[in-house]
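Have a look at the structure below, then the notes.
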Amino acid sequence: MDAQTHAALRALPSVDAIVREECGRVALDEYMFTELVRIEVAATRAAILDGNPDAAVALGQRIEAAIALVVTNDVTTVINATGVIVHTNLGRSPVSKATADAMSRAAQNYVPLEVQLASAERGGRGADVGALLGLLTGAEASMAVNNNAAAILLALSALCQGKRVIVSRGEAVEIGGGFRIPDVMRQSGAQLVEVGTTNRTNLADYAAEIDDDTAAILSVHASNFAISGFTSKPQLAELADLAHERGILLIEDVGSGCLVETERYGLVHEPTLRESIEAGVDVVTASGDKLLGGPQAGLILGKQQALDLIRRHPFARAIRTDKTVQEGLAATLRHYARGEHEQAVPIWWMMSQRESELRERAERWQAALASPHCRVVSTRSVTGGGSLPGKSQPSAGIALQSDHISAAELARRLRTADLPVFPRVEDERVILDCRTVLPDQDEGLLNTVGGVLSGLVGS
Ligand SMILES: *Cc1c(COP(=O)(O)O)cnc(C)c1O
């Protein structure tokens, strides 16, 4: 150990000394406070030994942050002004008020999750979600699990273990966050058989690979990238016909769980769950928190017989959803069944905002801020979250710029304000896109932005 490290360790105050001095000041009992200080002193000691002799400078701050973690009752919420609607790093889709209320009520109460009210006999978890999904998509049967990655793992494990599964080379992809189709396939015990080429795969390519050991064709929606140009692949219905003629299953990972025609919003067509069911797909999997706009979940929809096998697989128990997610999904699905998703489901409210409305909002923001650093701009917002790759909608917002600090620093100040605002940085400008800011967030956004801009005066 060098002399500098040695001195830094000796200068580090003891746990006892800190507790004696500070304990009366904090709203924690002495035992909890001592534990907390012990952890932060140990982390600081480790940092010093790791070659950072100045680590003790931050000890006071670390202890304050650890105390704050315990005494706060607040959830840290942020304003999403990035223009990315389904923003994975910001928690994907915010849910509707009715969905949040349903989840909260379910969380705080007992609910008849697995029991029939009249007979007091055991009933199936998720009956409401199943009935609503049947109504909205035409699926014979369905179930919800933890997320789409779990859904596809379960479906492959239950239906294809030890068998071959045929996938187009252009679809053996990584969806993001380490979710790679070939890896998931291995984990499920199925054998991946790639056919065709990255850009072109035809029906005959699939047909040539089907043998007695083949359980299914798997189709994966390329949700986070687009291959354009010289491309071709069979229609889903053609794949379904081929699979059924040869006595195997067609499984589809459709990704976003869309129930709405996206072309109505000037976007490209995103495959809907109903289209997959109507095409004859046996098992479709999707996320609950992408274009469905609900809580995190994975949906598995399809034929009764396949769903019965999936439900009985041991993984199904390991990845099942709780009562709050079941009630949240049901509440979200009801919005679509009543045709009120544009008003009620936040992501569809965002998607349905017209450019002229967004520009008026941007002008109101600019007028309220009345700052030389701010002007109204045209921009483009994207759906995000692995849906509609490369497609965007025209939008409007404000651009912030200062001669004195960089756009990156301006963005950092917005993100670290009391009510954090996440902007997008583009060409050395900070852009705040109106489309992804929820209707009741204007005042909070203007407070944060106004505070940061007033800090620029004279700097
Ligand atoms: C997003 C996505 C997944 C992963 O879904 P999660 O709900 O995040 O687990 C899998 N497949 C496709 C095609 C996707 O778009």
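No value in this document is a laboratory result; all are computed from the given coordinates. From a predicted model like this one, the values you see are computed outputs, not experimental measurements. With ideal geometry, Cβ positions are generated from the backbone for all residues, glycine too; neighbour counts draw on all protein chains shown.
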Discussion item. Quick check on region 82-140: take the gyration tensor over C-alpha atoms, sort the square-rooted eigenvalues as a ≥ b ≥ c, and tell me if it's rounded (a/c under 1.5), prolate or oblate.
Written reply: oblate
Discussion item. With +1 assigned to the C-beta of every Lys and Arg and -1 to the C-beta of every Asp and Glu, and no other charges, what is the dipole magnitude of the chain about the Cα centre in debye, to the nearest 20?
Written reply: 160 debye
Item to complete: List, in order, the whole-Hz ³J(HN,Hα) value for each residue of region 282-292 obtained from phi through the Karplus relation with A = 6.51, B = -1.76, C = 1.60 and θ = phi - 60°; use x for Gly and Pro.
Response: 7, 9, 10, 10, 7, 8, x, 10, 9, 7, 6
Discussion item. Take residue 211 and residue 263, extend 7 Å from each Cα along the Cα→Cβ direction, and tell me the distance between the two endpoints in nm.
Written reply: 4.2 nm
Practice prompt. Determine the gain in length on full extension of the stretch residue 43-residue 354; use 0.36 nm per residue of separation and subtract their C-alpha separation, reporting nm with one decimal.
Written response: 106.8 nm
Worksheet item: Which residues in region 405-422 place their backbone N less than 18 Å from a point set 7 Å from the Cα of residue 438 along the Cα-to-Cβ direction?
Response: 418-422
Worksheet item: Taking 0.36 nm per intervening residue step and subtracting the Cα-Cα distance, what contour gain separates residue 203 from residue 73 on full extension?
Response: 41.1 nm
Worksheet item: Local charge sum around residue 35 (other residues, Cβ-Cβ under 15 Å, Lys/Arg +1, Asp/Glu -1)?
Response: -3
Practice prompt. Collect residues whose amide H, placed 1.01 Å from N in the peptide plane, falls under 5 Å from the amide H of residue 219; neighbours closer than 5 in sequence don't count.
Written response: 251, 252, 253
Fill in: Prolate/oblate/rounded label for region 1-88 (Cα gyration tensor, a/c 1.5)
oblate
Item to complete: With unit charges on the beta carbon (Lys/Arg positive, Asp/Glu negative), name the residue among 367, 201, 267 whose Cα is farthest towards the positive pole of the charge dipole of the chain.
Response: 367
Worksheet item: Highest mean first, what order results for 107-116, 31-40 on Cβ atoms within 10 Å?
Response: 31-40, 107-116
Fill in: ³J(HN,Hα) computed for each position of region 3-9 - Karplus, 6.51 cos²θ - 1.76 cosθ + 1.60, integer Hz, glycine/proline x
4, 5, 4, 4, 5, 4, 5
Worksheet item: Any idea how far apart residue 161 and residue 180 come out in nm if each label point goes 7 Å out from Cα toward Cβ?
Response: 2.4 nm
Discussion item. What does the charge count around residue 101 come to, taking other residues whose C-beta lies under 13 Å from its C-beta (Lys +1, Arg +1, Asp -1, Glu -1)?
Written reply: +2
Worksheet item: Highest mean first, what order results for 325-335, 299-309 on Cβ atoms within 10 Å?
Response: 325-335, 299-309
Discussion item. To make sure I understand the rule: partners must be lysines, Cα under 23 Å from the Cα of residue 391, and not fewer than 8 residues away in the same chain. Which ones qualify?
Written reply: 233, 290
Fill in: Sum of -39500 (n - 2.57) over DSSP H runs of 4+, divided by residues of the chain (222 nm, nearest 500)
-12500 deg cm²/dmol
